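Notes follow the structure.
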């Protein structure tokens, strides 16, 4: 991929400008063209990893997701080949949209692209092609969605079909039904859970906010835009803190192969004017994410996005991941809908939150604590509220960061007996510099966990209840984070040098101090924090000469008090 020279005058943080985004889009689109088949209706990218939906569906995914990129780029020449593909696909090449089927997902991308480029693509098609296309898309209006962000795919298709006057009553019902459904999952503060439970991840930004806000904006519906725009604005105030100084998004959740799709909600805020971020900060964060991945092998020698994080990496894939899945990253190019003269493109880049100051920020809805340090640009997320329906290392570990990945050796875990699982997480609150939760562990035990954070240092306390006396307990810290990143953990209470202990007749308290740092020289961890447990069960924590905290962890919950 050929990109222009960096412009450090207008973009002192990343060097990227609109020209870089245009060049990246052009490069990605050009690289995909040789893989078009069936008259351009399918894009069959190479690779042995086929999704559980099968090769035909994967080919549709290749068409739909790269069409969305072409729609944001608004290149009429490129759109012509997608018009040919639409004609062929709707003539019988594409699989039908059925209940809970992958074509429902891809129909949303196609409908959104057609809505965004209507004068350039849809309005130029002949009537026969249009009739066959709406006939195929129309099945999405009544298709059953999985109870999660999928509920928004019929909304997106319905928005386009209603706009062009096709099955307007059915389209309106599909829109209303999907928007009503996501109200069940809005938990306040700008956060949704992706379906029932407590599944918090990037689907908040690139789906749960993206589709309703874009629908409201395209429909010019001021009521909906006010509702969803307020939520987006609140979300972005937290979301901006999830990017490292090197541009890396936090490594947490599923579908991480979508990579720089993490930039989509940032641009969405600028597009709709519903953002707390300045134009310069918006572009810095979005461009930082794009640059982070392009610099680290996300695009292979053939110009194609690979299945992985940096380069190919099966650890971040799911059963639904196919060769074209990474092109969900096309959503990152939403910013190209804003004209070159918009201030988000002309303003000088401004540093993101991690570059401005050390921050410890609590996020109430997911019960998260964000801990970031300016000196090394690292962001750490302490997870005391997010989990999947089953134990998943990308959802249920105690902590995640922008420089580490979940380890098969169970980093950031409390291992009771030989069971590292953490399920049935019950949030116990977040506050100034702390977060806490309770979860189910092995052998019927319950673990109450508290983290206290200051600078790059953490104190982690775990109260194990309900385990048989003599049950081994082991506490782990951060996995290695690569060159220049240091992970440390020291035992304090209830743990031996190997970071293990055993339960007694009653509840057992296990405390460790932890640090993840990218600094070359740091104060020894034992000098950075002192921890003492008094006879009444209160932990006394002192952050060097920078303040102190008293905390109690017991069967009733946790109590944290700052000490002057």
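The values are calculated or read from the model by the stated rules, or taken from the named source; none is laboratory data. Computed from a prediction, not measured in an experiment: that's the story for all the values here. We place every Cβ from the backbone using ideal geometry, glycine too, and count neighbours over all the protein chains shown.
Just to be sure I understand the filter: pairs with C-beta atoms under 6 Å, separated by 6 or more residues or on different chains, first member in segment 45-65 and modelled with pLDDT under 95, second member surrounded by 19 or more Cβ atoms within 10 Å (Cβ to Cβ). Which pairs pass?
These pairs meet every condition: 47/323; 49/307.
For segment 16-36, name all the residues that are closer than 23 Å to residue 312 by Cβ and more than 23 Å from the chain's Cα centre (by Cα).
Those that are closer than 23 Å to residue 312 by Cβ and more than 23 Å from the chain's Cα centre (by Cα): 27, 29, 30, 31, 32, 33, 34, 35, 36.
Taking segment 294-307 on its own, how many of its residues are surrounded by fewer than 19 Cβ atoms within 10 Å (Cβ to Cβ), closer than 14 Å to residue 27 by Cα and either within 20 Å of the chain's Cα centre (by Cα) or touching a residue at least 40 places away in the same chain (Cβ under 8 Å) (or both)?
Total satisfying the criteria: 2.
Give segment 52-67 a look and list any residue that's crowded, with 17+ Cβ neighbours inside 10 Å and over 15 Å from residue 104 (Cα atoms), or say none. Give the derivation first.
Step one: filter segment 52-67 for residues crowded, with 17+ Cβ neighbours inside 10 Å, giving 53, 57-67.
If the condition is that a residue be crowded, with 17+ Cβ neighbours inside 10 Å and over 15 Å from residue 104 (Cα atoms), then 66, 67 are the ones that fit.
Would segment 33-44 turn up any residue that is in a loop (DSSP other than H, G, I, E, B), in the same structural domain as residue 348 (by TED's automatic domain parsing) and closer than 20 Å to residue 330 by Cα?
Step one: list which residues in segment 33-44 are in a loop (DSSP other than H, G, I, E, B), which gives 41, 44.
Next cut, in the same structural domain as residue 348 (by TED's automatic domain parsing) only: 41, 44.
Imposing the further condition that a residue be closer than 20 Å to residue 330 by Cα reduces the set to 41, 44.
Yes, segment 33-44 contains a residue that is in a loop (DSSP other than H, G, I, E, B), in the same structural domain as residue 348 (by TED's automatic domain parsing) and closer than 20 Å to residue 330 by Cα.
Right, residue 466: assigned by TED's automatic domain parsing to the domain that holds residue 553 and over 25 Å from residue 555 (Cβ atoms) or not?
Details: assigned by TED's automatic domain parsing to the domain that holds residue 553: yes; over 25 Å from residue 555 (Cβ atoms): no.
When the stated conditions are applied, residue 466 does not pass them.
Restricting to segment 504-528, and then to whatever is in contact with a helix residue (DSSP H, G or I) (Cβ under 8 Å, 6 or more places away or on another chain) and part of a strand (DSSP E or B), can you tell me which residue is farthest from residue 416 (Cα to Cα)? Walk me through how you get there before you give the answer.
The first filter runs over segment 504-528 and keeps only residues in contact with a helix residue (DSSP H, G or I) (Cβ under 8 Å, 6 or more places away or on another chain), leaving 513, 515, 522.
Right, trim to part of a strand (DSSP E or B) and you get 513, 515.
Values: 513: 19, 515: 22 Å.
Per the stated criteria, the residue is 515.
Do the conditions hold for residue 100, that is, is it surrounded by fewer than 21 Cβ atoms within 10 Å (Cβ to Cβ), under 23 Å from the mean Cα position of the chain (by Cα) and not in a helix (DSSP H, G or I)?
Spelling it out, residue 100 is indeed surrounded by fewer than 21 Cβ atoms within 10 Å (Cβ to Cβ), under 23 Å from the mean Cα position of the chain (by Cα) and not in a helix (DSSP H, G or I).
Please pick out the residue among 492, 531, 558 that is at pLDDT 95 or above, within 33 Å of the chain's Cα centre (by Cα) and outside any loop (DSSP other than H, G, I, E, B).
558
All but one of (1) in contact with a helix residue (DSSP H, G or I) (Cβ under 6 Å, 6 or more places away or on another chain); (2) at pLDDT below 95 hold for residue 483; which doesn't?
Just one mismatch for residue 483, condition (1).
Filter segment 254-275 down to residues that are surrounded by fewer than 22 Cβ atoms within 10 Å (Cβ to Cβ) and either at pLDDT below 95 or closer than 18 Å to residue 386 by Cβ (or both), then give me how many there are.
Qualifying residue count, segment 254-275: 2.
Would you tally the residues in segment 529-555 being in contact with a strand residue (DSSP E or B) (Cβ under 9 Å, 6 or more places away or on another chain) and without any contact (Cβ under 8 Å) to a residue 60 or more places away in the chain?
Of the residues in that region, 13 qualify.
Inside segment 242-268, can you point out the residues that are assigned to a loop (DSSP other than H, G, I, E, B) and within 9 Å of the chain's Cα centre (by Cα)? Walk me through how you get there before you give the answer.
First, the residues of segment 242-268 that are assigned to a loop (DSSP other than H, G, I, E, B): 244-248, 250-255.
Matches in segment 242-268: 250, 251, 252, 253, 254, 255.
Could you list, in sequence order, all residues of segment 186-222 that are in contact with a strand residue (DSSP E or B) (Cβ under 6 Å, 6 or more places away or on another chain) and either surrounded by fewer than 17 Cβ atoms within 10 Å (Cβ to Cβ) or farther than 27 Å from residue 316 by Cα (or both)?
Correct list: 186 only.
May I ask you to list the residues in segment 459-480 that are in a loop (DSSP other than H, G, I, E, B), surrounded by 19 or more Cβ atoms within 10 Å (Cβ to Cβ) and out of contact with any helix residue (DSSP H, G or I) (no Cβ under 8 Å at 6 or more places or on another chain)?
476, 477, 478, 479, listed by residue number.
Does segment 308-335 hold any residues that are within 21 Å of residue 70 (Cα to Cα) and surrounded by fewer than 21 Cβ atoms within 10 Å (Cβ to Cβ), and which are they?
Correct list: empty.
Name the residues in segment 377-388 that are surrounded by fewer than 22 Cβ atoms within 10 Å (Cβ to Cβ) and either at pLDDT 95 or above or farther than 17 Å from residue 414 by Cβ (or both), would you?
Listed by number, the residues that qualify are 377, 388.
Condition first: buried (at least 19 other Cβ atoms within 10 Å of the Cβ) and under 16 Å from residue 108 (Cβ atoms). Now tell me which residues in segment 168-185 satisfy that.
We begin by selecting, within segment 168-185, every residue buried (at least 19 other Cβ atoms within 10 Å of the Cβ); these are 171, 174-175, 178-179, 182, 185.
Once the filter is applied, which keeps residues that are buried (at least 19 other Cβ atoms within 10 Å of the Cβ) and under 16 Å from residue 108 (Cβ atoms), segment 168-185 yields 171, 174, 175, 178, 179, 182.
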